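Asks: Could you have a look at this structure, given as structure tokens, before my questions?
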Amino acid sequence: MSAKRFTFDTTVGKREAEVRVTYSVTPPVAATHWQPAEGAEVEILSIRQNGKAVFLSQDEEDVLLEEARDRALQDWEDDKAAEADWRYQEYRDRILMDQWERGQ
């Protein structure tokens with residue numbers, strides 16, 4: 001999955017601010033009867049405000065990491081659904097093109 005972003009309101013210094021968080025997630029692998037589930041690990045790549053890096057306390061970063069984890073699996077599912085839709089459209093277009101070419 002490519003990097004994902006979200007905005008989040010937090011305190012920077014003594015002021016409320018909106019920061020842009022960029023994160024990535026490793027592909028999740030479902031558990032099997034011989035292997036536990038793995039992957040779906042979230043990593044925050046950057047935290048920025050107005051394009052500049054922001055450094056937050058550990059507690060604030062933990063809150064952002066939790067938010068990224070909450071979003072990550074839904075983002076992963078959305079990406080999978082979008083890819084499935086794209087593959088279906090490509091398949092459908094190929095069939096329609098084949099039918100059109102046979103009709104010529």
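The values are calculated or read from the model by the stated rules, or taken from the named source; none is laboratory data. What you see is a predicted model, and the numbers here were worked out from it, not measured in a lab. All Cβ positions, glycine included, derive from the backbone under ideal geometry; neighbour counts span all protein chains shown.
Asks: Just give me the residues in region 30-61 being hydrophobic (A, V, I, L, M, F, W, C) and under 17 Å from residue 71 (Cα atoms), in sequence order.
Replies: Passing the criteria: 40, 42, 44, 45, 47.
Asks: For residue 66, are the conditions met, namely being within 27 Å of residue 79 (Cβ to Cβ), acidic (Asp, Glu) and surrounded by 12 or more Cβ atoms within 10 Å (Cβ to Cβ)?
Replies: Considered against the rule, which asks whether it is within 27 Å of residue 79 (Cβ to Cβ), acidic (Asp, Glu) and surrounded by 12 or more Cβ atoms within 10 Å (Cβ to Cβ), residue 66 comes out as no.
Asks: On the basis of being touching a Lys or Arg at 6+ places or on another chain (Cβ under 8 Å), surrounded by 14 or more Cβ atoms within 10 Å (Cβ to Cβ), at pLDDT below 85 and not in a loop (DSSP other than H, G, I, E, B), does residue 79 make the cut?
Replies: no
For every residue, the table says whether it meets (1) surrounded by 10 or more Cβ atoms within 10 Å (Cβ to Cβ); (2) of a type outside the set (D, E, K, R); (3) modelled with pLDDT of 90 or more.
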{"position": "51", "(1), (2), (3)": "no, yes, no"}
{"position": "61", "(1), (2), (3)": "yes, no, no"}
{"position": "70", "(1), (2), (3)": "yes, no, no"}
{"position": "89", "(1), (2), (3)": "yes, yes, yes"}
{"position": "92", "(1), (2), (3)": "yes, no, yes"}
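Asks: Filter region 40-69 for residues that are of a type in the set (A, V, I, L, M, F, W, C) and assigned to a loop (DSSP other than H, G, I, E, B) and give the result.
Replies: Listed by number, the residues that qualify are 40, 54, 55, 56.
Asks: Could you grab the pairs with beta carbons closer than 9 Å, sequence gap of 6+ or different chains, first residue in region 87-98 and assigned to a helix (DSSP H, G or I), second one among the aliphatic types (A, V, I, L, M) and surrounded by fewer than 10 Cβ atoms within 10 Å (Cβ to Cβ)?
Replies: So the pair list comes out empty.
Asks: Kindly provide the set of residues from region 1-57 that are under 22 Å from residue 77 (Cα atoms), aromatic (Phe, Trp, Tyr) and over 11 Å from the mean Cα position of the chain (by Cα), ordered by number.
Replies: Correct list: 8 only.
For every residue, the table says whether it meets (1) in contact (Cβ under 8 Å) with a residue 60 or more places away in the chain; (2) closer than 23 Å to residue 81 by Cβ; (3) surrounded by 10 or more Cβ atoms within 10 Å (Cβ to Cβ); (4) not hydrophobic (A, V, I, L, M, F, W, C).
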site: 6; (1), (2), (3), (4): yes, yes, yes, no
site: 9; (1), (2), (3), (4): no, no, no, yes
site: 23; (1), (2), (3), (4): no, yes, yes, yes
site: 34; (1), (2), (3), (4): no, no, no, no
